[in-house]
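Student: This is the structure, below, for whatever I ask next.
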Amino acid sequence: MCKKQLIALLSGIFLCVSVKAQATIAVEKCMICHGKPELKRVDAAGKVHYLFVNLKVLKASVHAKKVCTDCHADVTVIPHTQKPKRVNCQRCHYKGNPQGAPQIDKYMEYEKSVHAQEVRKGNPKAPVCQDCHGNHDVRKTKDPLSHVFKNNVPETCGRCHMEEYAQYRHSIHGTALLDKGIMDAPSCTDCHGEHLILRHTNPQSPTYATRIVKTCAHCHEAVNIVGKYGINVEQVETYERSFHGIAVKFGEKTVANCASCHGVHNILPPEDPHSTVYIKNIPKTCGKPNCHPGANINFARGKIHVNPEKKSAGIIYWIALFFKILTASVLLGLIIHIAMDLYRRTQEYQQKKKEFKEMEE
Amino acid sequence: MKKIGTIENGRVLRFSLHMRIQHIVLMVSLIALAVTGFALKYNDSVLGRFLLTIEGGMTFRGMIHRFFAVILVLDIIYHLWYTVFTDEGHRELMLLKPSRKDVTEFFAVMRYTLTGRGSKPEFDKYTYREKIQYWGVVVGVSIMVITGFLLWFETASMTVMPKWIFDITGIVHGAEGIILFIILFLWHAYNVHIGGKQFFNTSFISGWEDLDYLKKERPLEYKRYTGGGEGV
């Protein structure tokens, strides 16, 4: 018994060590070729693929202790005969995995995203995990060197979404985050979501016409976020009280939401001549073919985000106040008038009842 | 068509068919306009949300509102034709002319209702109350129609007037609507249907009124119909 157990244990250890040894060798074996900076392959289309792997980068990543074949599992013989397939992160990143690879439900939201939809459709350009998170250089999200660290997200997304990146980079949000280092300023994912990115035409998307207000309001209504930088937090409320805001609240898609006037990736403060809400650009912004064609500079004469309950609204405040007083006085006057009439009628009724009783007697 | 003042079976025709049609169209359109207007104005309250739901959402609410706005305008055109080009309409309008008598009537009524002394003044067909209501509606509806059309054709109106005037237009339209509602649905409805002879006076539909009641409430009008004499 005891002998058998010992043999089993020893053979187990031996197996482990030999597998381990084999794998460790694998890294070095891989490096024989992939450790050469000049290693490259030219495909049929004439495109050059650089195949150098910097081991230092891998060692600095979260996968420092992993070996090549942990991810490139389809490579079984070296040199490999075929081009290895794309790495599938879910080999390790599934719930309850023994390696302790982080996995939360949020990652799975990717499956519903527009990116995953495109991957399923067979779009070769659609991103999977490693396209955003990096391949050999995967780092923790909070690591400033991570591809998905807040400051690096615009560039990561911009590798594919170049035009959007260019617009965002010069917008108030882009300059605030990337030039001034204001971490409260939004990166791509703050508006579009992270794993669950959807098309803006999808009603579930935070950038959908009727949901964008809530998305912008997340910061623009918050005193502790934009309030810190002296940005007016009243704009959301005044918008919601306007006809545009009420219509959006009840599901109208054809009225103006925040982005209709302020732009999307190219948002700039109204003082900037390139801004869509710069006073001279207002006629063009309001006068879009589906909105108010023929709009002129009159559209800019007066406050756009106006709160009739505040003195800063000027004459609008005073007229609103006048009507409030007028309505209250009309209401009060009529109630008094009616109450007086009712009083007299009850008096008359009592009088008649009394007379009737006297007559009966 | 029977003339105003026709007496049959102890009843007298007070409102001609012209007047009844105008009144019912006005009533229906103003109720519809008020209900669809409130849905927008009080959209953040339970009542407003409920109204919006039964009105089929924002787009349909707007369509109903503008449909009845057109009905109201047609009714106004009818009314203008009636008061200007018909003898009957002209006579009724002249009865609604504000006069010094209205002031004395008002004070007499106040004295009577507060102290019970004296007596009710001898009213004609339209007392100071009806005159205030009529002219109140004339002024109010005019404001509503003007501001309403400015808001309806917002792009055209904003190209000729600055945005801040447009904002004021919206505020006036909303506030004036409330005032009109108060005058009509609180005061006018009280006077006719609660403060009158019975709950829900049907005279606005039939046009007829009991002579006995008229003799007591509108002695001058009664005298005009009966030629000053008693019992016809």
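The values are calculated or read from the model by the stated rules, or taken from the named source; none is laboratory data. If you're wondering where the values come from, they're calculated on a predicted model, not measured in any experiment. With ideal geometry, Cβ positions are generated from the backbone for all residues, glycine too; neighbour counts draw on all protein chains shown.
Student: Can you tell me which residue is surrounded by the most Cβ atoms within 10 Å (Cβ to Cβ) among those in the range A:199-220 that are part of a loop (DSSP other than H, G, I, E, B) and of a type in the set (D, E, K, R)?
Tutor: A:Arg211
Student: Moving on to the next point. For A:Val138, indicate whether it is among the aliphatic types (A, V, I, L, M) and touching a residue at least 60 places away in the same chain (Cβ under 8 Å).
Tutor: In short, yes.
Student: Being closer than 29 Å to A:His220 by Cα, facing chain B (nearest Cβ under 9 Å), surrounded by 14 or more Cβ atoms within 10 Å (Cβ to Cβ) and touching a Cys at 6+ places or on another chain (Cβ under 8 Å) is the requirement here; does A:Phe250 meet it?
Tutor: Spelling it out, it is not the case that A:Phe250 is closer than 29 Å to A:His220 by Cα, facing chain B (nearest Cβ under 9 Å), surrounded by 14 or more Cβ atoms within 10 Å (Cβ to Cβ) and touching a Cys at 6+ places or on another chain (Cβ under 8 Å).
Student: Take the residues of the range A:142-191 that are assigned to a helix (DSSP H, G or I) and among the small types (Gly, Ala, Ser): which is surrounded by the most Cβ atoms within 10 Å (Cβ to Cβ)?
Tutor: Taking the candidates together, the pick is A:Gly174.
Student: So, one more: If we keep just the residues of the range A:106-135 that are free of Cβ contacts under 8 Å to residues at least 40 places away in the same chain and outside any helix (DSSP H, G or I), which is surrounded by the most Cβ atoms within 10 Å (Cβ to Cβ)?
Tutor: Checked the range A:106-135; the qualifying residue surrounded by the most Cβ atoms within 10 Å (Cβ to Cβ) is A:Pro127.
Student: Okay, next question. Given the conditions (1) part of a helix (DSSP H, G or I); (2) more than 22 Å from the chain's Cα centre (by Cα), report the number of the one that A:Val248 does not fulfil.
Tutor: Evaluating A:Val248 over (1) part of a helix (DSSP H, G or I); (2) more than 22 Å from the chain's Cα centre (by Cα) leaves (2) as the failure.
Student: Let me ask you something else. Would you say A:Thr285 is assigned to a helix (DSSP H, G or I) and β-branched (Val, Ile, Thr)?
Tutor: Criteria met by A:Thr285.
Student: Quick one: in the range A:253-266, which of the residues that are away from every other protein chain (no Cβ under 14 Å) and of a type in the set (A, V, I, L, M) is surrounded by the most Cβ atoms within 10 Å (Cβ to Cβ)?
Tutor: Of everything passing the filter in the range A:253-266, A:Ala259 is surrounded by the most Cβ atoms within 10 Å (Cβ to Cβ).
Student: Could you grab the pairs with beta carbons closer than 6 Å, sequence gap of 6+ or different chains, first residue in the range B:142-157 and farther than 15 Å from B:Leu74 by Cβ, second one among the hydrophobic types (A, V, I, L, M, F, W, C) and in a helix (DSSP H, G or I)?
Tutor: Here the result reads B:Thr147/B:Val172; B:Ser157/B:Leu150, each pair linking the range B:142-157 to a residue that is among the hydrophobic types (A, V, I, L, M, F, W, C) and in a helix (DSSP H, G or I).
Student: Please specify each residue of the range A:284-302 satisfying the condition of being at negative phi and touching a Phe, Trp or Tyr at 6+ places or on another chain (Cβ under 6 Å).
Tutor: Within the range A:284-302, A:Cys286 is the sole residue that qualifies.
Student: From (1) more than 7 Å from every other protein chain (Cβ to nearest Cβ); (2) assigned to a loop (DSSP other than H, G, I, E, B), pick out the condition that doesn't hold for A:Ala295.
Tutor: All conditions pass for A:Ala295, except number (1).
Student: Further, regarding this structure: Out of curiosity, is A:Gln103 buried (at least 16 other Cβ atoms within 10 Å of the Cβ), within 33 Å of the chain's Cα centre (by Cα) and at pLDDT below 90?
Tutor: yes
Student: Within the group A:Pro269, A:Pro283, which residue is surrounded by fewer than 16 Cβ atoms within 10 Å (Cβ to Cβ) and assigned by TED's automatic domain parsing to the domain that holds A:Phe243?
Tutor: Just one listed residue meets the conditions, A:Pro269.
Student: While we're here: Has the range A:328-341 got at least one residue that is over 30 Å from A:Arg199 (Cα atoms), modelled with pLDDT under 95 and in contact with a Gly (Cβ under 7 Å, 6 or more places away or on another chain)?
Tutor: The answer is yes, given that some residue of the range A:328-341 is over 30 Å from A:Arg199 (Cα atoms), modelled with pLDDT under 95 and in contact with a Gly (Cβ under 7 Å, 6 or more places away or on another chain).
Student: Please determine whether any residue of the range A:340-354 is within 12 Å of another protein chain (Cβ to nearest Cβ), under 29 Å from B:Phe50 (Cα atoms) and of a type in the set (S, T, N, Q).
Tutor: No - not one qualifying residue is present in the range A:340-354.
Student: Now a separate question. Which condition does B:Ser142 not pass, out of (1) polar (S, T, N, Q); (2) within 30 Å of A:Ala295 (Cβ to Cβ); (3) buried (at least 17 other Cβ atoms within 10 Å of the Cβ), if it passes all the others?
Tutor: (3)
Student: Within the range A:298-339, restricting attention to residues that are within 7 Å of chain B (Cβ to nearest Cβ) and polar (S, T, N, Q), which residue is nearest to B:Thr159 (Cα to Cα)?
Tutor: Among residues in the range A:298-339 that are within 7 Å of chain B (Cβ to nearest Cβ) and polar (S, T, N, Q), the one nearest to B:Thr159 (Cα to Cα) is A:Asn298.
Student: Can you tell me which residue in the range B:184-207 is nearest to the other protein chains (Cβ to nearest Cβ), limited to those that are among the hydrophobic types (A, V, I, L, M, F, W, C) and buried (at least 18 other Cβ atoms within 10 Å of the Cβ)?
Tutor: B:Trp187
Student: Exactly one condition in (1) polar (S, T, N, Q); (2) more than 30 Å from A:Ala300 (Cα to Cα); (3) surrounded by 15 or more Cβ atoms within 10 Å (Cβ to Cβ) is not met by B:Thr155; state its number.
Tutor: Tallying (1) polar (S, T, N, Q); (2) more than 30 Å from A:Ala300 (Cα to Cα); (3) surrounded by 15 or more Cβ atoms within 10 Å (Cβ to Cβ), B:Thr155 fails exactly one: (2).
Student: A follow-up question, please. Quickly run through the range B:173-204 and pick out the residues that are farther than 16 Å from B:Tyr134 by Cα, modelled with pLDDT under 90 and part of a helix (DSSP H, G or I).
Tutor: B:His193, B:Ile194, B:Ser203
Student: Let me ask something else about it. Does the range B:15-57 hold any residues that are touching a Gly at 6+ places or on another chain (Cβ under 9 Å) and under 18 Å from B:Phe149 (Cα atoms), and which are they?
Tutor: Within the range B:15-57, B:Leu33, B:Ala34, B:Thr36, B:Gly37, B:Phe38, B:Leu40, B:Lys41 meet the criteria.
Residue by residue, here is whether (1) within 13 Å of another protein chain (Cβ to nearest Cβ); (2) among the charged types (D, E, K, R) holds:
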site: B:Lys2; (1), (2): no, yes
site: B:Ile7; (1), (2): no, no
site: B:Arg11; (1), (2): no, yes
site: B:Ala34; (1), (2): no, no
site: B:Asp44; (1), (2): yes, yes
site: B:Leu47; (1), (2): no, no
site: B:Phe50; (1), (2): yes, no
site: B:Phe60; (1), (2): yes, no
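Student: Checking B:Asp124 against (1) buried (at least 16 other Cβ atoms within 10 Å of the Cβ); (2) within 14 Å of another protein chain (Cβ to nearest Cβ); (3) of a type in the set (D, E, K, R), which single condition isn't satisfied?
Tutor: (2)
Student: Among A:Tyr349, A:Tyr343, which is surrounded by 12 or more Cβ atoms within 10 Å (Cβ to Cβ) and among the hydroxyl-bearing types (Ser, Thr, Tyr)?
Tutor: After ruling out the rest, the residue left standing is A:Tyr343.
Student: Anything in the range A:292-307 that is under 14 Å from A:Gly245 (Cβ atoms) and of a type outside the set (A, V, I, L, M)? List them, or say none.
Tutor: Within the range A:292-307, A:His305, A:Asn307 meet the criteria.
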